[in-house]
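Notes for the one structure printed next.
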Amino acid sequence: MDTREFELRIGQTIIDGYRADTGRAEVFELLGRQWDLLDEVWPPTYSPGGELHADLIPFAAMGAFLEMGSGAGVMSVLAALGGCRRVLALDLNPAAVANTLANARRHGVAERVEARLSDLYAAVRPGERFDGIYWNPPFFDAPAERLDGSLWHETMFDPGFAKLRRFLVDGAALLTPTGHLYLWFGEAMGKPALIEDLAAGAGLAVRELHRTTMDEIPAALATALPADVTSGERHAQWHLHLLQLGRAA
Ligand SMILES: C[S@@+](CC[C@H](N)C(=O)[O-])C[C@H]1O[C@@H](n2cnc3c(N)ncnc32)[C@H](O)[C@@H]1O
């Protein structure tokens, strides 16, 4: 099977598995806190990511932090709780914008967390700059013509990694002089050079802050993956990691 067809199959399996889970909770627990989860928003419990390693991001030193594709808004809230003075959350899903604001209110940081509906950086205002910009992006490449434009497909797929490329290139231009981009990513189909290549194209150098191997991937996600991903050679290639990207020297 063609690699992109294979990625489409994995992503669709994850979406279908999640949507068939009728018992999913409206409030979930993560990192010792309760969080609201609205329908049609990516559930961090399904595949907890960078937020598990938020302590590696120096929020206390940040004046402004941007979370791209904030979903339920966990990282945005953690940034505000961690001492960042101003957080801007962006998502193209209106439910994610509402969800992020709900969780900011729930955790008493609503006055420092703003959320805007935005396709990538479209809603960033002229002159706004950030000390940190983070995204847990859509992981899977897939043939564009096989996608239906739904929010779930936007959440899961990034044909040709065009969004990721723009996240890096346009984000680099929005950083303060000492700022960094942060990315939670898995080279899903074993494209080990993908991020290095995209980063080099954006004039960025990559540093790995944390690596999660396949064995540590949450059961809900691991069981959604086809067996041929979780075994053998592909297994060895699969990992998720938190990356820090800064301007190359
Ligand atoms: C994998 S989910 C991650 C959600 C959340 N940050 C988390 O870690 O739980 C990817 C998020 O990116 C958002 N997204 C996808 N394409 C986007 C775009 N072009 N502009 C803004 N957000 C986008 C999706 O709506 C979704 O909320």
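Report those helices (runs of 4 or more DSSP H) wholly inside region 133-209 carrying at least 2 residues which are among the hydroxyl-bearing types (S, T, Y) and crowded, with 20+ Cβ neighbours inside 10 Å. Let's see the steps before the verdict.
On the way: elements: 151-156, 162-172, 194-201.
So the answer is none; nothing clears 2.
Taking R125 and the conditions (1) without any contact (Cβ under 8 Å) to a residue 12 or more places away in the chain; (2) closer than 30 Å to G17 by Cβ; (3) among the basic types (K, R), which numbered condition does it fall short on, given that it satisfies the others?
Tallying (1) without any contact (Cβ under 8 Å) to a residue 12 or more places away in the chain; (2) closer than 30 Å to G17 by Cβ; (3) among the basic types (K, R), R125 fails exactly one: (2).
For region 98-108, which positions are surrounded by fewer than 24 Cβ atoms within 10 Å (Cβ to Cβ) and more than 17 Å from R85 (Cα to Cα)?
A98, A102, R106 - these are the residues of region 98-108 that are surrounded by fewer than 24 Cβ atoms within 10 Å (Cβ to Cβ) and more than 17 Å from R85 (Cα to Cα).
So D91 passes all but one of these: (1) under 19 Å from I15 (Cβ atoms); (2) more than 10 Å from the ligand (Cβ to nearest atom); (3) out of contact with any Asp or Glu (no Cβ under 8 Å at 6 or more places or on another chain). Which condition number does it fail?
Status for D91: all satisfied but (2).
L38 passes all but one of (1) open to solvent by less than 10 Å² (accessible area, probe 1.4 Å); (2) more than 9 Å from the ligand (Cβ to nearest atom); (3) of a type outside the set (D, E); (4) farther than 11 Å from G132 by Cα; which number fails?
Exception for L38: condition (1).
Can you pull out the strands (runs of 3 or more DSSP E) entirely within region 1-78 that have at least 3 residues that are in contact (Cβ under 8 Å) with a residue 24 or more places away in the chain? Give the steps one after another, and end with the answer.
Numbers: elements: 27-30, 33-36, 64-68.
It comes to 33-36, 64-68.
Whether any residue in region 10-29 is modelled with pLDDT under 95, more than 9 Å from the ligand (Cβ to nearest atom), among the polar types (S, T, N, Q) and under 27 Å from F161 (Cβ atoms) is what I want to check.
yes
Of all residues in region 109-129, which are out of contact with any helix residue (DSSP H, G or I) (no Cβ under 8 Å at 6 or more places or on another chain) and either away from the ligand (no atom under 13 Å from the Cβ) or open to solvent by less than 40 Å² (accessible area, probe 1.4 Å) (or both)?
Initial filter on region 109-129 (out of contact with any helix residue (DSSP H, G or I) (no Cβ under 8 Å at 6 or more places or on another chain)): 111, 114, 118-119, 122-129.
If the condition is that a residue be out of contact with any helix residue (DSSP H, G or I) (no Cβ under 8 Å at 6 or more places or on another chain) and either away from the ligand (no atom under 13 Å from the Cβ) or open to solvent by less than 40 Å² (accessible area, probe 1.4 Å) (or both), then E111, E114, S118, A123, V124, R125, P126, G127, E128, R129 are the ones that fit.
Quick check on region 196-207. Is at least one of its residues touching a residue at least 12 places away in the same chain (Cβ under 8 Å), touching a His at 6+ places or on another chain (Cβ under 8 Å) and of a type in the set (A, V, I, L, M, F, W, C)?
Within region 196-207 (the criterion being touching a residue at least 12 places away in the same chain (Cβ under 8 Å), touching a His at 6+ places or on another chain (Cβ under 8 Å) and of a type in the set (A, V, I, L, M, F, W, C)), the answer is no, since none of the residues qualifies.
The values are calculated or read from the model by the stated rules, or taken from the named source; none is laboratory data. Source: prediction; values computed, not measured. For neighbour counting, all protein chains shown are included, and Cβ atoms are generated from backbone atoms with ideal geometry for every residue, glycine included. Surface areas here come from the heavy atoms of the whole protein model, side chains and all, with no ligands, DNA or RNA. Shrake-Rupley method; radii C 1.70, N 1.55, O 1.52, S 1.80 Å.
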